[in-house]
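These notes are about the structure you will find just below.
The values are calculated or read from the model by the stated rules, or taken from the named source; none is laboratory data. Note that the structure is a prediction, hence the values are computed from the model and not measured. Quick reminder, even Gly has a Cβ in these numbers, built from the backbone with ideal geometry, and neighbours come from all protein chains shown. What goes into the accessible areas is simple: the full protein's heavy atoms, side chains included, and nothing from ligands, DNA or RNA. Shrake-Rupley method; radii C 1.70, N 1.55, O 1.52, S 1.80 Å.
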Amino acid sequence: MKTYIVGNWKMNFTVGESSIYLHKLLKLIHFYRGIEVVVAPSTIALQTLSLQLNRQSNRKKVKLAAQNLYYRDYGAYTGEVSVSQLTGIVDYAIIGHSERRYIFGETDKEISKKVAAAIRGNITPILCVGETANERDFGETEEVLKDQLLSGLRDVSLEDIKKVIIAYEPVWAISSVKGARLASPDDVARSIEIIHEQLKALYKKDENPVLYGGSVNPSNAGAYLTIPGVNGLLMGGSSLIADQFNAIIDLAKRVQN
Ligand code: PGA
């Protein structure tokens, strides 16, 4: 299985800055067959970066992801972007990120529709799951992860489940969250196990890449990448500095060997 190194730029960088970043990254990175490098810029920069990748025939080296999408194809949905509008521009879409869930009030039902819409449009959904600090303190991690998977994948058939990537991101470990703590590899290992168990329970198979995200940086990335069942990383802060992001890509290759 490939290793996925995904950078979520969140609401950072103008279009110009995004383009300069991509230019720098393309110069820095080596193309490794087993490593899938994905960046998720803001929606407004997607088209520019897509053209930039096409122009330099670099679509294999770096893939694009949307940070969100809407599940209807077109219509009166002010401010939203549909799968059909993203088709040909992105290969992936991050869905159900905790910032979408907790800042913008996205519900499990909406998330499940977004996952299904992405699959219909041939965009690979990266479904984010993860417990909050309170849920963890109350010992609810297992229940929360299983519930989020059950509801997020509700409209995904046995046939389509292989098209989904799961990202485990404990909300309490995300660097921008107040009082964020670093998740220990043991904590992460247990949650990753729960995720794989639930996928097996729901689909009688478990072929999905599962990523880890939460304050990953070049010094701890190796420890997370070597946890059994972890197939890559989803990063916020560390993806904003091209040299750091590139260092993590190189590290992923070394860990794979
Ligand atoms: P972080 O963010 O790497 O800055 O903790 C991860 C994320 O929110 O996806």
Using the Cβ atoms and a cut-off under 14 Å, what net charge is assigned to the surroundings of L182, where Lys and Arg are +1 and Asp and Glu are -1?
-> -1
Answer in debye to the nearest 20: the dipole magnitude of the chain about its Cα centre, from +1 Lys/Arg and -1 Asp/Glu charges placed on Cβ, is 1060
Near K24, which lysines are there with a Cα under 29 Å away, not counting those fewer than 8 places off in the same chain?
-> K2, K10, K60, K61, K63, K253
Across G237, G179, G213, the residue with the highest GNM fluctuation in the chain (Cα network, 10 Å cutoff) is G179
Grab the Cα-Cα distance for N217 and Y77, subtract it from 0.36 nm times how many residues apart they are, and report the gain in nm with one decimal.
-> 46.7 nm
Length added when fully stretched, K27-E142, from 0.36 nm per residue minus Cα-Cα = 37.2 nm
Can you tell me how much longer the chain between T14 and L240 gets when fully stretched, taken as 0.36 nm per residue apart minus their C-alpha distance, in nm with one decimal?
-> 80.1 nm
On the protein heavy atoms, probe 1.4 angstrom, tell me the percent of accessible surface of the chain carried by carbon and sulfur.
-> 52
Net +/- balance of residues flanking K163 in space, Cβ distance below 12 Å, scoring K and R +1, D and E -1 = -2
Indicate the helices, whole DSSP H runs only, in the chain that combine a mean Kyte-Doolittle hydropathy of 0.0 or more with a Cα extent along their long axis of 15 angstrom or more.
-> 15-28, 43-55
Surrounding charge for V37, neighbours by C-beta under 12 angstrom, Lys/Arg +1, Asp/Glu -1, total +4
Using only the Cα atoms of segment 151-257, build the gyration tensor, take square roots of its eigenvalues as a ≥ b ≥ c, and label the shape rounded, prolate or oblate: rounded if a/c is under 1.5, else prolate if a/b is larger than b/c, else oblate.
-> prolate
For the chain, what is the convex hull volume of the alpha-carbon atoms per residue, in Å³?
-> 120
W172 accessible area, assembled protein chains, probe 1.4 Å, Å² | 10
Probe 1.4 Å, all protein chains in place: accessible area of R100 in Å², nearest 10?
-> 60
Heavy-atom surface of the chain, accessible at 1.4 Å and reported per residue (Å²) | 46
Would you mind putting 143-153, 29-39, 48-58 in packing order, based on average other-beta-carbon counts within 10 Å, highest first?
-> 143-153, 29-39, 48-58
